[in-house]
Every structure is written in C-alpha cells, then in structure tokens.
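Colleague: I have a structure here, written as structure tokens, and I will follow up with some questions on it.
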Amino acid sequence: MSLIDLWTISLLLSALALLIITGLIVARVITGRRQREVQAQRGKLLPLLLGSASDEELAELRRSGPDILGSLVTELIELVRGDERAQFVATATRAGVTCTLRRQLASGSTQARAVAAEVLGNFPDELCTAALEEALDDRDSRVRLTSALALASSDRSPPPQLLVQRLGLGIHEHSLLTVTLLSEISRQRPDEVRALIDGDDVPAAVKAAAIEALSSSGDYSLVGVICRLTLAAGDLSPELPRYLRALGAFQHPAALPAIRLHLASSTWWVRAAAAEAAGRIGLAEANLELSQLLDDNDWWVRFRAGEALTRLGEPGRTLLAEASRCGTERARDAARLTLAEQALTA
Amino acid sequence: MTQGFEWQPWAVTLATATAWIVIATGLLQIAFYLVQLVYAAIGLAKRPPVVRSAVLWRRYADQAPPIAVLAPAFNEEVTIVESVNSLLALHYPEFEVIVINDGSKDGTLQRLIDHFGVTRVDRFHELSVAHQPIRGIYANPRLPRLLVVDKENGGKSDALNAGINVARAPLFCSIDADSLLESDALLRTVRPFVDEPDKMVAVGGTIRLANGSRIASGRVEDVRLPRNFLALVQIVEYLRAFLMARLALSRMQALTVISGAFGLFRRRLALEVGGYSHNTVGEDMELVIKLHRYMRDNKRPYRIEFIPDPVCWTEAPEDLAVLGRQRARWQRGTLETFSKHKDMLFNPRYGRIGFIGFGQVLVVDVLGPLVEVAGYVLVPLLWAIGLLSIEYLLAFLAITFTFGVFISVATLILEEVELRRFPHARDLAILTLVSVAENFGYRQLSNFWRLRGLWQYLRKQKGWGQMTRKGFQTA
C-alpha cells in the first residue's frame, strides 16, 4: 500500500465522519423544528380526537397527515378508557387512522409492524380483523404473537387449535405470553382452550399453557385430566412443574396420588413443585413425605417442604417442631428457620 | 539520516517485524470494529419495538417472573437511603430489593435501620455459594420488598454471592448501590426471559453516565453533557462499548461481559456455576464466561443477550487518579478471566464464544494495549535510528486516529437514529469534538492505565483499591 493510499484512506475517513456528523446535526435541527410544529398540531388534534368530530373537524384531522395522526393514536389509545375510548376509536376510524396502521402492519419495519398490530387490536372493524389475521403469518414471530394477542384481547381470535399451527406454539414459539393468549381466549371460549388439553397432536408445552390459563377457572373437572398428565409425565419433563403448580392452584385433594408420586421424584425441581402444591392444597396425607423432604439435598426442596408443612396447620407445625429437635442437622436448620420465619414457636 | 551507516540485517528484520505486528493488530482491531458496527446496526434495527411502559406492563406483567435486585453497599452512608428509595420505586410486578452491607466501616447499616425501620429477622436461606459470614438479616413487615443483609467484608463478588443465597426469586439483578435504574428498566430487561423462557440465561442492559445530568428524587430528569473533559470522553467510550461492541457481540451470540452495574441472571444457573468468583476483580465478566462454559459443556441450548433500551445511570470518575485506578482494575479483571479460561480460546467446543468472544478479548483487550504502547515507543525509536520512514509512520498514525473518530461518529448515528437520549444538536457536535480530542493524550493515557493493569495482574495484585464516590448531583 503506497503512502498516497494511506493518506487517502485517512482523508476519506475524516470526510466521512465530518459528513455524518454534519448530516446528524442538520437532521436534528430540522426534526427539532418539525417536532415543535408537530407538537403544536397534536395539541390541536387531541380535542378533536377525543370528541365526536364534525365533518369539518374530520377533514382537518385528515389534513394533518397519516403519520401524525397515527402516532398520536398509538400513544393515546392506552390512556383512554370507557366511553371516551369508544369515542376515540370511532373518531380515529373515521379519520382513516386504521388505513395507516393496516399499511404499517403489511409493509413497515419489524418494530412498526409489531406496534401497528398492538394498536389495531383496539379497532373492531372487519378490515382491521382481516389485517390482523393476515399478520398471523408474518415473517417475524413477535409480530405474529402480537397480532394473535391483539385479536384475542378483543374476542376475535381464530380457534386456538388453528393458532397453535399458524404460530407454531410449543414448537417454534415458546413465549410465556402463550399463557396470556390462551387466558384471553378462555375468558369467552373456555371449551376451545380445554380442547387443547385433550388434543393428541397438541405439543406438551401448549397443553401446560392451556392448563395454566384455565387454572383459575374453578372447573374442577380439569383436576382429573391434569392428574393423568402429571402421572404420565417423565421426571425430566419441563411441563411437569407447571402441571403440579396448576394442581396446587385448584387446591383439590384428588391430586394426592399425582403429588405423592412426584414428592419422591429424582429431579429437584419436580420435588419442589410437588411440595409447594401439597402445601397449597393442604394435603395432610403427605405430611410424612414433606417432613422427610426437610432433609433433601436441595435447599429449594427443603424450603418448599417447610413452607408446605406450615400451611398444613397444627399437624404440620408439630412435625416441624419435632424435626427442629430430632432431625438431621440439615432438617433441624430447615425446620427451625421455617418456624422462626413464620414466627411460630417450636 | 545516519548516512554511511548500514544496519545489520537482523536489525532491519526486527524493525520490519515490529512494524508488521503493530499494523496487523491494528488491522485486526479495525476489522473487528467494522464487523461490530454492522452487527450493532442490525441488532438495533431488529430489536423489539420500544413501547410505552403502560403497554409493556399490560402485556408482560402477568408473566414476568419475580426478580431479586441485589445492591451491594460498602461505605455508602451518604447515598444509601436515596439509592434504596429509588430501587423500591421501580415499576415491576414482583420484586425484592436486597441491600447487602458488605462490612461497611461507616454508618451504612445504621442509616438503613434508622430510615427504613428494619429489625433483625430470621430467614431460611441457601448456603450454596461461599461468602463471608452473614451477621444478620433485617426487614420491616411494612416494607415487604426490602431486605437488608449485614455481613462481614469480603468484596463486591462476596456480597453478591450472599445476596444470591438469600434471594428467592428465580431471577436476580445485580446492580451497584450507587446506580440509578430507570423505573421501567426491569420490565424491559425481563422481556427476553418471557419471550424465550427455556433458553435465556442472562441479559445485560445499557449503562449510561449521569455526570452533568439533572437528577431529582432518584431519577434522571434532564440528560445533559458534563463540563468535565474526562467525563465527556467516558460518555463517548460508553456509547462505543454499549451501543456498538456489546450489542454486536450479543447479536453474534458471543457476549463476554454483562456489566456488574446492571445485569439480570437466572439465579439457579448462577448457583450451579458457583456464583461470583472471589479471586478476581472481573467477577462480572467471569460469571458470564462461566455460564457460557457450563451451558456449552452440558450441551444445553441457551442465550445471553444485551438489550439497549433499559438504562442504568451511573457516575463516572472525574479525576485522573480515580479513573486510572478503575481502568487498571478493569484490565486486570479481564486478564484474570482470560487467563483462567484460556482453554476456551479458539476451542471448537466453545463455538462462537471461543472464536469470536475470546478472539475479540485477545485482540482488543489483551494484545491491543500492549501493541499500541509498543508501537508508540518502538516505531519512533526505529524511525530515529533510520529504520522506519517518517512518512509511513505519520500515515499509519493518521489512519489509526481517523478510524477511531469514524467509529465514534458512527456510534453516534446508532444513538441518534434509535435512542436519541441527548436532547440538543450541539451535544452531538461536542461529542464529535471529544472523539477527535481523545486521540491526543487520553488514548495514550488509557493504554498506559491498561498496562498498569497488566503489571498488577502479573504481580498477582488483588483487591479493588480505593474507590471515591462523588455522589450524584441532585436538583
């Protein structure tokens, strides 16, 4: 490389840096000025959006340009509630905001598409629903899931079985938001979510999510199904702790066989989940197993066992007091500190 | 010059080899930086949308796992109450703040007891990772989110280990007690753990410098540039480190560092790798490397990520002595970790982390300062004795400096396009001038500090040295 080449590279780098920074500063000055104008314009548009705009006002809203209107709606829609929100949505729809959002959802950047999907969930018209349904096949998984959540939160979701396939739930898509999605659907259509648990071709992770989504429903007919899944799951199954937690949430004594089996699991996180569930249900029949777990190798299991025993009431506290006097050193510590922490006397 | 004198062939060969080593290392660094710049741009473009906190809360609050925020404190009497108040005001569904008083010699513990009304309690906690004995645990039933652990002094890593043992949440967030987290920082940082719960092991967020900014009630209210030149240079350095290097390495799945000032980790895995190591001042880097090693050794799929949005504000040293000690310590920490895990370097078993992550540490952190300082000393020397041409020397120096400026300015594009935290256009001009000025004096000084770190490492020096906190300038 000649001397001239080296100096040319240096000069080019300097020129490029100078050009970039000049561009950034000029852009900042221009956008700063523009932002002030936009800010002023938004101040005028806001009352129009919040009221029932007349045709003239609607024309003014449209004249402001789709970008300003779109961004204003995106920012504000989360802040209005009740009748004001319905009014806001109606006016924004008449002003053509949904066209902008649908265009963004179809061809914007990944970030713009995800934001558009989120906001479109607030617009119940058919075109928006169709756009969101189309976005269930978006190339980006975040946009797909956001679209599904937007549809589900406004009771427009396709059948969950179809979502499992289109979003690859439990196969490519492992987000915990799957539970939120199924919870939203189960508010209106619990049977469809329930059908996922019984489905043969449904991935285990989706079954677990469906169980979690339904675990606050109080539908005790699910207990038997969850028990069957729990008994059939292997020790290393990642879904097993989720099943056990769901059994704990139902607080139904029929879970005893499944929980008793897994209190003796070879995997610490399964034993811990089983102990936690036993405590939540108040399974006095498992008190001896829980007492033995106070000497478990894993601290988390000892902690959950101690916690569960305190939840069993007097019999559990008696066992803890006994363990604090006569157990192994590890069990004594676990029992003594659990009692002390719960401010119970040994 | 030196007419009539002919150098021995070995001297000429030595001079040529020296020049080539300097050039080759420089080119490798340039190549790394260019690739990082591209990956950082892709990373910023592909990151999840930056939505308002309200939307984030509505979507993520139900599924966000509990977090234990671990704040080690040593002689933080002046700032501890404000720091803890700021942490307790975080916007997150379920979290506990565990302040670990690491045997402070001042009244840190008493300030906590007096202000928050905490009293001694019993708490059943784990003893999986080693640390100095805990003297007592303090809580107040009216503040169920606060727990104070008082322990004997053992250093930051020791305090964090005590915090990990005492914590019960599945995730823990390590921070410095004198840092300020933005109120929604935890909610933004937890997103990857919700999106990929099976794989996510650790997530780091951006650290920014609050020097010069207006702070009120534990929050950065108005971002401003500091007047102190050293603080300004560090702002440029932090932008390069976080918005370029870490973002790019994260995109390549080869991130080797999550800053000790702000990182979110899966607690159980941190326990399985033995927590923070005691025999290093680079405990934050070492924990990340241990996690990489553990997951790869066990053939478990995993991800360690950096996300640019959540921000933790910290105070940068504004005088040369403190900054010098900090940089020497960072260099020593890097070398200690690199040396301890050197078998991972270019080892196919460790994939990208062995080749890209460790390769980058080798070229930029291990060889970089050595070669640059050797270049500063040897190249003029070789020129003085007539073995190198002044024209080439100046041309290479010019390239080195202009490339440094170019990288800094390019990082400003990323900041401007994606984050835009600096409110005024003149801030960009000032930072550009700083990125030019840093080449003349600061850059050389910085390399000197790093060599001091190397010297400390070779002498097996331990400990953090004296830290001086100025405290945030509040409104």
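The values are calculated or read from the model by the stated rules, or taken from the named source; none is laboratory data. Keep in mind the model is a prediction, meaning the values are calculated, not measured. Neighbour counts run over all protein chains shown; Cβ positions are idealised from the backbone, glycine included. All accessible areas refer to the heavy atoms of the entire protein, side chains included, with ligands and DNA or RNA removed. Shrake-Rupley method; radii C 1.70, N 1.55, O 1.52, S 1.80 Å.
Colleague: Over chain B, what is the relative contact order in whole percent, taking alpha-carbon pairs under 8 Å and six or more residues apart?
Modeller: Answer for chain B is 19 percent.
Colleague: Which of A:A95, B:T16, B:V149 sits closest to the plus end of the dipole of the protein assembly as shown, meaning its Cα is farthest towards the positive end, when Lys and Arg get +1 and Asp and Glu get -1 on the C-beta?
Modeller: The one lying farthest along the dipole's positive direction is B:T16.
Colleague: Between A:L167, A:P190, A:I21, whose Cα lies farthest towards the positive end of the dipole of chain A when Lys and Arg beta carbons carry +1 and Asp and Glu beta carbons carry -1, centred on the Cα centre?
Modeller: Farthest towards the positive pole: A:I21.
Colleague: Restricting to Cα atoms and excluding each atom paired with itself, what does the Kirkwood estimate give for the stretch A:1-83 in Å?
Modeller: Details: mean 1/r = 0.0607 Å⁻¹.
The Cα-based Kirkwood calculation yields 16.5 Å.
Colleague: Another question about this same structure. How compact and how long is the stretch A:259-340, expressed as Rg and Dmax of its alpha-carbon atoms in Å?
Modeller: 10.8, 30
Colleague: For chain A, what is the calculated [θ] at 222 nm in deg cm²/dmol (nearest 500), taking -39500 (n - 2.57) for each run of four or more DSSP H residues and dividing by its residue count? Walk me through the numbers on the way to the answer.
Modeller: Values: 20 runs with 256 residues, N = 346.
Here the helix-only value at 222 nm equals -23500 deg cm²/dmol.
Colleague: Build a GNM of chain A with springs between Cα atoms under 10 Å: which of A:L163, A:L320, A:L19 gets the top mean-square fluctuation?
Modeller: Most flexible of the set in this elastic network: A:L19.
Colleague: Further question: Mind grabbing the interface size between B and A? I mean buried accessible area, both sides, 1.4 Å probe, in Å² to the nearest hundred.
Modeller: 4600 Å²
Colleague: Normalise the Cα radius of gyration of the stretch B:235-373 by 2.2 N^0.38 Å (N = residues in it) and let me know the number.
Modeller: Values: Rg = 15.0 Å, N = 139, 2.2 N^0.38 = 14.3 Å.
So the stretch B:235-373 has a normalised radius of gyration of 1.04.
Colleague: With charges only on Cβ, +1 for K and R and -1 for D and E, what is the dipole size of the stretch B:206-296 about its Cα centre, in debye, rounded to 20? Don't skip to the end; give the middle numbers.
Modeller: Details: 14 positive and 7 negative charges, 52 e Å.
For the stretch B:206-296, the charge dipole is close to 260 debye.
Colleague: Compute the distribution of all C-alpha to C-alpha distances in chain A, in bins of 20 Å from 0, and list the percent of pairs in each, rounded to whole numbers.
Modeller: 24, 34, 28, 14, 1
Colleague: Also, quick follow-up: Enter the angle in degrees (range 0 to 90, nearest 10) between the Cα long axis of helix B:442-458 and the first principal axis of the Cα atoms of chain B, meaning the one along which they spread out most.
Modeller: With rounding to tens, the tilt is 70 degrees.
Colleague: For the protein assembly as shown, take N as its residue count and report Rg(C-alpha) divided by 2.2 N^0.38 Å. Don't skip to the answer; put the middle values down first.
Modeller: Numbers: Rg = 29.7 Å, N = 821, 2.2 N^0.38 = 28.2 Å.
So the Cα radius of gyration is 1.06 times the expected 2.2 N^0.38 Å.
Colleague: Using a Förster radius of 41 Å, what is the FRET efficiency between B:R123 and B:N347 based on their Cβ-Cβ separation? Nearest 0.05, please.
Modeller: Values: r = 42 Å, r/R0 = 1.02.
So the FRET efficiency works out to roughly 0.45.
Colleague: Give the cross-link partners of B:K105 among the aspartates and glutamates, using a straight C-alpha distance below 20 Å as the criterion and excluding same-chain residues fewer than 8 apart.
Modeller: Within the straight-line limit of under 20 Å, B:K105 reaches these aspartates and glutamates: B:E76, B:E77, B:E82, B:D114, B:D150, B:E152, B:D158, B:D176, B:D178.
Colleague: With a 1.4 Å probe and all protein chains in place, put A:M1, B:M285 in order of accessible area, largest first. If you can, show how the numbers build up before the last one.
Modeller: Values: A:M1 150, B:M285 15 Å².
From most accessible down to least: A:M1, B:M285.
Colleague: Taking only the alpha-carbon atoms of the stretch B:29-90, what semi-axes of the equivalent ellipsoid follow from 5 times the gyration tensor eigenvalues under a square root, in whole Å, largest first? Walk me through the numbers before you get to the answer.
Modeller: Values: eigenvalues 219, 114, 21 Å².
They are 33, 24, 10 Å, listed largest first.
Colleague: Another question, if that's okay. Can you tell me the accessible area per residue over chain B, all protein chains present, probe 1.4 angstrom, in square angstrom? Please report the intermediate quantities before stating the final value.
Modeller: On the way: 19140 Å² over 475 residues.
Solvent-accessible surface per residue comes out at 40 Å².
Colleague: Residues with beta-carbon under 13 Å from that of B:N165, excluding B:N165: net charge, scoring Lys, Arg +1 and Asp, Glu -1? Kindly include the intermediate steps, with their values, before the conclusion.
Modeller: On the way: positive: B:R123, B:K151, B:R168, B:R267, B:R268; negative: B:E126, B:D158.
Surrounding charge for B:N165 is +3.
Colleague: Tell me the Kirkwood hydrodynamic radius of the stretch B:178-317 in angstroms, computed as one over the mean inverse distance between distinct C-alpha pairs. Can you show the working numbers first?
Modeller: Values: mean 1/r = 0.0627 Å⁻¹.
Mean inverse Cα-Cα distance, inverted, gives 15.9 Å.
Colleague: A further question follows. Name the residue farthest towards the positive end of the dipole of chain B from the options B:G117, B:A45, B:V223, assuming +1 on Cβ of Lys and Arg, -1 on Cβ of Asp and Glu, about the Cα centre.
Modeller: Result: B:A45, furthest along the dipole toward the positive end.
Colleague: What would the Debye equation give as log₁₀ I(q)/I(0) for the stretch B:1-142 at q = 0.09, 0.13 Å⁻¹, counting only Cα atoms as equal point scatterers?
Modeller: Scattering profile of the stretch B:1-142, log10 relative to I(0): -0.62, -0.84.
Colleague: Output the 0 to 90 degree angle, nearest 10, between the alpha-carbon long axis of helix B:390-414 and the longest principal axis computed from the alpha carbons of chain B.
Modeller: Orientation of helix B:390-414: about 30 degrees from the principal axis.
Colleague: So for the protein assembly as shown: antiparallel DSSP bridges make up what percent, rounded to the nearest 5?
Modeller: Values: 21 of 49 bridges.
Of those bridges, close to 45 percent are antiparallel.
Colleague: With r as the distance between the Cβ atoms of B:S53 and A:A232 and R0 = 60 Å, compute the FRET efficiency 1/(1 + (r/R0)^6) and round to 0.05.
Modeller: Values: r = 42 Å, r/R0 = 0.70.
The formula returns an efficiency of 0.90 here.
Colleague: What spacing in nm lies between the two simple spin-label points modelled at A:E134 and B:A45, each 7 Å away from Cα in the Cβ direction?
Modeller: Reported label-point gap for A:E134 and B:A45 is 2.3 nm.
Colleague: How much of the accessible area of the protein assembly as shown, in percent, comes from carbon and sulfur atoms when a 1.4 Å probe is used?
Modeller: Values: 20040 of 35070 Å².
Within the protein assembly as shown, the accessible surface is 57 percent carbon and sulfur.
Colleague: Please give the direction-averaged projected area of the C-alpha convex hull for chain B, in square nanometres with one decimal. Display every interim value, and only then the final one.
Modeller: On the way: hull surface 94.5 nm².
Its Cα hull, projected and averaged over all orientations, spans 23.6 nm².
Colleague: Now for a different question. Please list, or write none, the lysines whose alpha carbon is within less than 29 Å of the alpha carbon of B:K199, excluding same-chain residues fewer than 8 places away.
Modeller: Partners found: A:K207, B:K46, B:K156, B:K290, B:K299, B:K340, B:K342.
Colleague: In terms of the ratio Rg/(2.2 N^0.38 Å) built on C-alpha atoms, what value belongs to the stretch A:191-346? Walk me through the intermediate numbers first.
Modeller: Values: Rg = 16.1 Å, N = 156, 2.2 N^0.38 = 15.0 Å.
Scaled against compact globular proteins, the figure is 1.07.
Colleague: A further question follows. What per residue convex hull volume, in Å³, comes out for the stretch B:182-231 when only alpha-carbon positions are used? Write down the numbers at each step before the final one.
Modeller: Working: hull volume 4.5 nm³, N = 50.
Enclosed volume per residue, from the Cα hull, is 91 Å³.
Colleague: Can you give me the C-alpha center-to-center distance between the stretch A:4-73 and the stretch B:159-203, rounded to a whole angstrom?
Modeller: 36 Å
Colleague: When the convex hull of the C-alpha atoms of the stretch A:164-279 is computed, what volume per residue in Å³ does it have?
Modeller: Working: hull volume 11.0 nm³, N = 116.
Output value, Cα hull per residue: 95 Å³.
Colleague: Residues of the stretch B:289-327 with backbone nitrogen within less than 16 Å of a virtual label 7 Å along the Cα-to-Cβ line of B:Q461, please, listed as ranges.
Modeller: Within reach of a label on B:Q461: B:320-327.
Colleague: Once label points are set 7 Å from the Cα along Cα→Cβ at both A:D5 and B:L393, what is their separation, rounded to one decimal in nm?
Modeller: Each label point is offset 7 Å from its Cα along the Cβ direction, giving 2.3 nm.
Colleague: May I pose another question? What list of ³J(HN,Hα) values in whole Hz, one per residue of the stretch A:28-44 in order, does the Karplus curve 6.51 cos²θ - 1.76 cosθ + 1.60 (θ = phi - 60°) give from phi, with Gly and Pro shown as x?
Modeller: After applying 6.51 cos²θ - 1.76 cosθ + 1.60, I find 5, 5, 5, 5, x, 5, 4, 4, 4, 5, 4, 4, 5, 5, 5, x, 6 Hz.
Colleague: Taking the Cα centre of the stretch A:1-75 as origin and charging only Cβ (+1 Lys, Arg; -1 Asp, Glu), how large is the dipole, in debye to the nearest 20?
Modeller: Details: 8 positive and 8 negative charges, 49 e Å.
Once rounded to the nearest 20, the dipole reads 240 debye.
Colleague: Turning to a different aspect of this structure: Please work out the C-alpha center-to-center distance from the stretch B:412-439 to the stretch B:231-257 and express it in whole Å.
Modeller: Each part's Cα centre sits 15 Å from the other's.
Colleague: B:D106 to A:R260: FRET efficiency via 1/(1 + (r/R0)^6), r the Cβ-Cβ distance, R0 56 Å, to the nearest 0.05? Walk me through the numbers on the way to the answer.
Modeller: Values: r = 54 Å, r/R0 = 0.96.
Computed FRET efficiency for B:D106 and A:R260 comes out at 0.55.
Colleague: How many nm is it between the label spots at B:L320 and A:A284, if each spot is 7 Å from the Cα in line with the beta carbon?
Modeller: 7.8 nm
Colleague: Right, another one. Once the stretch B:215-258 is represented by equal point scatterers at the alpha-carbon sites, with solvent omitted, what log10 I(q)/I(0) does the Debye formula produce at q = 0.13, 0.24, 0.27 Å⁻¹?
Modeller: -0.44, -0.84, -0.89
Colleague: Taking all protein chains together and a probe of 1.4 Å, list B:Y39, B:Y138, A:Y220, B:Y92 from the most accessible to the least accessible.
Modeller: Numbers: B:Y39 85, B:Y138 30, A:Y220 120, B:Y92 5 Å².
Sorted descending by solvent-accessible area, the residues read A:Y220, B:Y39, B:Y138, B:Y92.
Colleague: Length gain on complete extension for the stretch A:Q188 to A:L58, per 0.36 nm per residue less the alpha carbon to alpha carbon distance?
Modeller: On the way: separation 130, 0.36 × 130 = 46.80 nm, distance 3.53 nm.
Contour length minus the Cα-Cα distance gives 43.3 nm.
Colleague: Here's another thing I want to ask about it. Taking the Cα centre of the protein assembly as shown as the origin, how large is its charge dipole in debye, to the nearest 20, when only Lys and Arg (+1) and Asp and Glu (-1) carry charge on their Cβ atoms? Show your work: numbers first, answer last.
Modeller: Working: 91 positive and 88 negative charges, 230 e Å.
Value, rounded to 20: 1100 debye.
Colleague: Largest first, what is the accessible-area ranking of A:R187, B:R452, A:R63 with a 1.4 Å probe? Spell out each step's value before the answer.
Modeller: Details: A:R187 135, B:R452 85, A:R63 175 Å².
So, going from the largest accessible area down, we get A:R63, A:R187, B:R452.
Colleague: For helix A:177-188, what angle does its Cα long axis make with the longest principal axis of chain A, in degrees from 0 to 90 and rounded to 10?
Modeller: Compared with the principal axis, the helix lies near 90 degrees.
Colleague: Please report, in Å, the Rg and the Dmax of the stretch B:68-127, where both are computed over Cα atoms only.
Modeller: Values for the stretch B:68-127 (Cα only, Rg and Dmax): 12.0, 35 Å.
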